[in-house]
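In what follows, a single structure is set out as structure tokens and then discussed.
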Amino acid sequence: MHKNKYALIVVDNASTNTDKLFTYIIPEEIINYIEVGKRVLVPFGKSNRLLEGLVIEIVDDINFSSNKLKPIKKVIDDTPILSKKLIELGLWMKDKYLAQYIEVFKTIMPTGISNKVIKYIRITEGYNRAYEDRLDEKQKKIIEYLLELKECELNRLKTDLCIKNINLHIKDLEDRGLVELFDKIDTGIGKKYEKFVKRLFDKDKTTEIIDSLKKNANKQIEVIRTLSDVEYIKLKELMMKTDCGYSTVKSLHSKGLIEILDINVNRNPIKRYIPPYKRVSLTEHQKLCLDTIINDIYKNNKNKFLIHGVTGSGKTEVYLQLIDKMLKQNKDSIVLVPEISLTPQTVERFMGRFGDNVAILHSRLSIGERYDEWRKIKEGKVKIVVGARSAVFAPFNNLGLIIIDEEHENSYKSSMNPKYNAIEVAEKRCDLENAALVLGSATPSIETYYRAKNGDFKLLEMPIRANKAKMPSIEIVDMKEELEKGNKSIFSESLFKAIKDNLHNKKQTILFLNRRGFSTFISCRKCGYVVKCSECDISMTYHLDSNILKCHYCGLSVKPPTTCPECGSRYIKYFGIGTQKVEEYIKKLFPSAKVARMDVDNTTKKGSHERILSDMKNGKIDILIGTQMISKGLDFPNVTLVGIIAADMSLNLPDFRASERTFQLITQVSGRAGRGDVEGRVILQTYEPEHYSILTSKEHDYKKFYDMEIKIRKEFNYPPYTNIINIVLGSKDEIKLNEASKEFYFCLVNRLEKNLNVIRNDLILGPNPAPIYKIRNSYRQQIMIKCIEKEVEIVKKILGDLVIDKKNDKMFKDIKISIDINPISII
Ligand code: ADP
Ligand code: ZN
Ligand code: ZN
């Protein structure tokens with residue numbers, strides 16, 4: 001007897017809360033097609049609705065009765081869309097981040113390839129007009145509609161006809177065997193096809209053919225001439241070259257001289273010409289760094305590295321040459337860069353060196369473009385990927401190397417489920433696929449540096465700039481003193497003068513402020529009322545260009561009030577500064593300067609980001625004002641002055657990483673200055689000139705900063721000395737939320753006490769209102785667990801079980817529970 005095999009499948013079913021693998025029988029006829037990593041269609045639930053699923057495992061036996069199991073209906077993919085290794089990685093992520101199967105695999109799979117099953121309706125083959133007499137008016141209408149269209153989407157029929165109780169009528173027609181319903185798979189995004197024209201005639205016969213055409217058929221003759229040189233040409237291109245219409249092409253087609261074909265083409269997101277990026281001979285430090293890595297990989301000593309290289313030390317060249325070594329061994333490389341540094345400059349370096357061998361993945365690509373890039377990787381057409389966070393899942397089969405540039409960046413941590421950290425995922429992937437991991441930064445995160453010191457990564461230093469340029473000198477200006485001197489402007493005397501001199505010397509200036517908008521809050525002078533977003537517990541930012549108040553959390557915008565909504569007074573004042581205000585002041589003070597601003601507000605349009613950067617490169621901008629968007633990766637030799645308008649802004653955030661973020665920001669922004677021949681100068685304005693973040697960044701002394709910061713982390717028991725698990729409970733109902741949070745807390749404490757040996761004072765904190773208490777009308781309570789490495793797994797298990805238990809608890813009906821393992825921000 002044939003013995004059944006079974007498949008464990010993640011089913012794409014958004015409507016239930018069940019997070020498990022479903023077991024299905026593999027029917028004999030598909031046993032040779034089914035494979036782990038392929039998608040299948042399976043009947044689901046009582047109605048046996050067809051849903052898409054992903055095969056995670058194939059097993060010979062199950063330890064329960066197979067009576068109720070259903071067979072898989074169909075295998076969708078010819079080849080697995082996920083490799084076994086990537087599936088293994090996904091399963092690891094599920095455990096690591098307490099996420100659901102479906103969340104994890106949706107993240108790993110390329111966007112745009114997710115299929116939907118769509119119900120269609122059509123008239124059966126046996127249909128006969130004679131039946132029509134026995135139909136009522138409504139049913140006749142349905143039949144008429146279908147006779148015209150042959151088949152159509154069920155939903156379309158319903159909306160188009162607008163018939164009451166249409167389901168009953170359809171059911172009736174179905175029972176009588178007149179119509180039938182069937183499923184079609186909609187692949188969402190398809191390959192892109194373009195029309196091509198192919199020459200069918202012999203090239204040598206061109207003159208003969210032209211002679212055979214009518215003398216006045218000028219256009220046709222033109223087309224034939226063009227085609228005598230090329231066998232294939234894009235239809236569009238042909239029409240443009242010959243200035244002919246489609247009818248001309250058609251008539252040649254009907255004469256059998258040409259063929260018109262649909263050919264699958266790749267959408268190409270990079271349309272410009274990219275100049276070659278020449279290989280340079282390495283500096284001593286670069287060489288040492290490269291050789292150490294290659295040597296260690298080769299000898300299997302170590303496969304994880306951290307390059308701590310100052311800004312301008314030439315990390316990119318090291319990456320490029322490492323990738324080159326990989327290519328020589330026929331191995332694939334992934335390069336992760338923060339989303340905002342995926343600038344043309346970065347792309348040009350990689351494509352300029354490796355050309356067509358590079359795929360680019362980032363969120364500004366259209367779904368179609370992203371799908372095509374993914375396919376290039378999958379089909380082995382490229383061996384290098386440069387991309388943002390999710391490029392860590394690039395479907396390579398022979399991975400040799402993952403590089404993570406600016407590894408300290410926040411954007412490597414996902415804020416959506418699964419809340420994964422791309423560095424951790426990359427580490428795991430490298431372990432699974434025996435690849436090497438190289439992290440690089442001028443300001444490594446405290447956690448990474450700590451791990452490097454403990455031997456988890458080999459630490460490699462590049463302490464000087466590649467072109468021997470000096471690090472910029474940083475001058476600290478105490479803004480309290482400015483005020484005492486009577487200077488109320490947002491620019492210190494020293495910064496003002498420096499900008500003026502720089503303009504005079506035809507050098508470029510960058511002004512940095514980590515806050516967009518015009519004024520950061522508006523408030524009543526009489527009663528102190530602050531305009532806050534009605535949906536979020538956050539003050540609203542004034543935007544001058546559109547004259548509105550915007551919430552930077554939910555995007556809500558309102559007209560600014562002219563009188564105080566609380567007390568009616570007219571003394572509404574605008575406080576705080578954003579990039580727009582800096583822009584306006586600069587334009588007033590330096591009317592002849594060419595000024596540009598770069599922040600999220602003016603770079604959402606495709607290409608705008610690129611345009612500002614190319615203007616900067618071509619010297620069309622004297623002063624560039626921006627948020628942290630301008631702090632990353634820009635390499636403009638003519639920038640000799642950087643002004644940091646308010647260094648305290650990040651220092652005062654209620655987050656234990658505030659000092660670290662400030663040090664990183666100052667270092668990164670300063671790093672934009674003096675990359676060319678002229679020494680760079682940075683002017684840093686602050687109200688806290690004595691703060692260690694500011695003093696150590698002035699001295700370009702990362703190690704000193706690290707030593708001070710790590711002591712504080714230890715004293716207050718923060719990462720890397722502890723793991724933080726942040727639980728946020730959210731609900732629109734404030735009272736219910738408070739009750740549920742307390743309940744959750746008590747259950748959690750109870751279970752922790754039973755399972756852990758020691759219960760420290762700060763093991764579990766809360767429930768407390770989250771620092772931002774309300775977002776999008778949803779209130780938020782926070783419970784924080786701080787646990788040491790060996791407790792993490794136990795705590796996660798307890799937490800995972802508790803969340804499942806609470807899902808069935810009435811008290812938690814409208815409560816959303818979100819868990820973040822080692823969050824990057826606890827606001
Ligand atoms: P980082 O990423 O470390 O801040 P970059 O990779 O942007 O630094 O390099 C800074 C500058 O130094 C670039 O303009 C680059 O072309 C140049 N550079 C890199 N390596 C060398 C080298 N070996 N010799 C001369 N110039 C170099
Ligand atoms: Zn008031
Ligand atoms: Zn809001």
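The values are calculated or read from the model by the stated rules, or taken from the named source; none is laboratory data. Given the structure is predicted, the values throughout are model-derived calculations rather than measurements. Positions of Cβ are generated from backbone atoms using ideal geometry, with glycine treated the same way; all protein chains shown enter the neighbour counts.
Would the range 603-613 turn up any residue that is within 30 Å of residue 366 (Cβ to Cβ) and within 16 Å of ligand 1 (Cβ to nearest atom)? Break it down into steps so the answer makes sense when it comes.
Step one: list which residues in the range 603-613 are within 30 Å of residue 366 (Cβ to Cβ), which gives 603-613.
Those still in the list that are within 16 Å of ligand 1 (Cβ to nearest atom) too: 613.
There is at least one residue in the range 603-613 that is within 30 Å of residue 366 (Cβ to Cβ) and within 16 Å of ligand 1 (Cβ to nearest atom).
Check 742, 786, 797, 806 and return the single one that is free of Cβ contacts under 8 Å to residues at least 12 places away in the same chain, more than 16 Å from ligand 3 (Cβ to nearest atom) and either outside the structural domain of residue 535 (by TED's automatic domain parsing) or crowded, with 19+ Cβ neighbours inside 10 Å (or both).
The conditions single out 797.
May I ask you to verify whether residue 523 is away from ligand 3 (no atom under 13 Å from the Cβ), surrounded by 18 or more Cβ atoms within 10 Å (Cβ to Cβ), not β-branched (Val, Ile, Thr) and not assigned by TED's automatic domain parsing to the domain that holds residue 651?
It is true that residue 523 is away from ligand 3 (no atom under 13 Å from the Cβ), surrounded by 18 or more Cβ atoms within 10 Å (Cβ to Cβ), not β-branched (Val, Ile, Thr) and not assigned by TED's automatic domain parsing to the domain that holds residue 651.
I'd like to know if the range 498-505 contains one or more residues that are part of a loop (DSSP other than H, G, I, E, B) and either out of contact with any helix residue (DSSP H, G or I) (no Cβ under 8 Å at 6 or more places or on another chain) or more than 16 Å from ligand 2 (Cβ to nearest atom) (or both).
yes
One line per residue, one yes/no per condition, for (1) more than 16 Å from ligand 1 (Cβ to nearest atom); (2) surrounded by 21 or more Cβ atoms within 10 Å (Cβ to Cβ); (3) not assigned by TED's automatic domain parsing to the domain that holds residue 348:
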site	(1), (2), (3)
595	yes, no, yes
630	no, yes, yes
637	no, no, yes
643	yes, yes, yes
655	yes, no, yes
661	yes, yes, yes
675	no, yes, yes
680	no, yes, yes
685	yes, yes, yes
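Being touching a His at 6+ places or on another chain (Cβ under 8 Å) and in contact (Cβ under 8 Å) with a residue 24 or more places away in the chain is true for just one of 525, 516. Which residue is that?
Criteria check complete, one pass: 516.
Got a sec? Which of 616, 649 is closer than 23 Å to residue 409 by Cβ and out of contact with any Phe, Trp or Tyr (no Cβ under 9 Å at 6 or more places or on another chain)?
The match here is 649.
For residues in the range 316-352 being in a helix (DSSP H, G or I) and over 21 Å from residue 437 (Cβ atoms), which is farthest from ligand 2 (Cβ to nearest atom)?
The extreme case among them is 352.
Give the range 525-539 a look and list any residue that's within 16 Å of ligand 2 (Cβ to nearest atom) and out of contact with any strand residue (DSSP E or B) (no Cβ under 6 Å at 6 or more places or on another chain), or say none.
Within the range 525-539, 526, 527, 528, 529 qualify.
Just checking, does the range 402-413 include any residue being acidic (Asp, Glu) and surrounded by fewer than 21 Cβ atoms within 10 Å (Cβ to Cβ)?
no
So residue 380 fits all but one of (1) surrounded by fewer than 17 Cβ atoms within 10 Å (Cβ to Cβ); (2) free of Cβ contacts under 8 Å to residues at least 40 places away in the same chain; (3) assigned to a helix (DSSP H, G or I); what number is the exception?
Against the list (1) surrounded by fewer than 17 Cβ atoms within 10 Å (Cβ to Cβ); (2) free of Cβ contacts under 8 Å to residues at least 40 places away in the same chain; (3) assigned to a helix (DSSP H, G or I), residue 380 comes up short only on (3).
In a loop (DSSP other than H, G, I, E, B) and either in the same structural domain as residue 438 (by TED's automatic domain parsing) or aromatic (Phe, Trp, Tyr) (or both), is that true of residue 368?
no
Any chance the range 470-485 includes a residue that's of a type outside the set (A, V, I, L, M), part of a loop (DSSP other than H, G, I, E, B), touching a residue at least 12 places away in the same chain (Cβ under 8 Å) and over 23 Å from residue 292 (Cβ atoms)?
Restricting attention to the range 470-485, the residues satisfying the condition of being of a type outside the set (A, V, I, L, M) are 470, 472-473, 475, 478, 480-482, 484-485.
Within this subset, residues satisfying the condition of being part of a loop (DSSP other than H, G, I, E, B) are 470, 472, 485.
Going one step further and asking which of them are touching a residue at least 12 places away in the same chain (Cβ under 8 Å), we end up with 470, 472.
Those still in the list that are over 23 Å from residue 292 (Cβ atoms) too: 470, 472.
Yes, that holds for at least one residue.
Of the residues that make up the range 675-682, is at least one in contact with a Phe, Trp or Tyr (Cβ under 8 Å, 6 or more places away or on another chain) and not in a loop (DSSP other than H, G, I, E, B)?
Looking through the range 675-682, none of the residues is in contact with a Phe, Trp or Tyr (Cβ under 8 Å, 6 or more places away or on another chain) and not in a loop (DSSP other than H, G, I, E, B).
Pairs under 9 Å by beta carbon, first residue within 11 Å of residue 248 (Cα to Cα) and assigned by TED's automatic domain parsing to the domain that holds residue 251 in the range 207-236, partner outside any strand (DSSP E or B) and aromatic (Phe, Trp, Tyr), six or more apart or different chains?
224/201
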